[in-house]
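Readers should treat all values here as calculations from the given coordinates under stated rules, not as data from a laboratory. Keep in mind that what you see is a predicted model, and the values were worked out from it rather than measured. Here the Cβ positions follow ideal geometry from the backbone for every residue, glycine too, while neighbour counts run over all protein chains shown.
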Amino acid sequence: MRDWTRPPAEPLTYRWYDRLLDGRHGRRDGRAGFTGETGWLRALRQLTAERVSGERVAGERDLAELTDRRAVAASPIEALRDRLSRLELELAEADKEPDLDAPARLADARYSPEFAENRRRNAHSARRHEIERRYFEAQRTLGEAVQLVSMLDREIERLEEVVRLRADMVRAHGSRRIACYWQHFARAHRDHAKKAGETPPRDPDLPWDDEGGRDL
């Protein structure tokens, strides 16, 4: 079963022992009076970055497969459209009245003129029905190809959204752990008043050291 057809992934739960661990490290680092980025904060950010990267890699793999399927599905569309255009011209030509003044066949000499005309009309009608059959068959094949490409386009859009949402979930989970760590860090820090007035580190994102980040 492909990833985009699997049941939704399980939600990221902030497990009690992770919460306990984050709080314990926050209190330990706060009591130590750290002022820069701590080892535990760095580990939480790295863990979040790795999980976000994993979600993106898995999503890109599935998107590549869907994109390949779309390319295969779309490859005959132009040829089918050209064939349909040619059949439209043939059908328009077949809609004209048959040429009853064309030279008679040798076999027609044995029959009346009315019989020869009917034969030509019947042959013309049979040829038109055959062109019409091929036209509607080409129309159906083209419609199926276009419908398949449209379906794959929707699947690609849906999967892209799933990948984005899943990455956001992972970042939010990392932010929650960092916020828990920060809360215990600030409370236990010797400069508690200053730390308590600061905002927690921003949500995990890449790169970590871009403008707008905050050191502990």
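If each of Glu130 and Leu47 carries a label point 7 Å out from its Cα toward its Cβ, how far apart are those two points in nm?
Roughly 7.4 nm, to one decimal.
Using label points projected 7 Å from each Cα along Cα→Cβ, tell me how many nm separate Asp18 and Arg187, to one decimal.
About 2.0 nm separates the two model spin labels.
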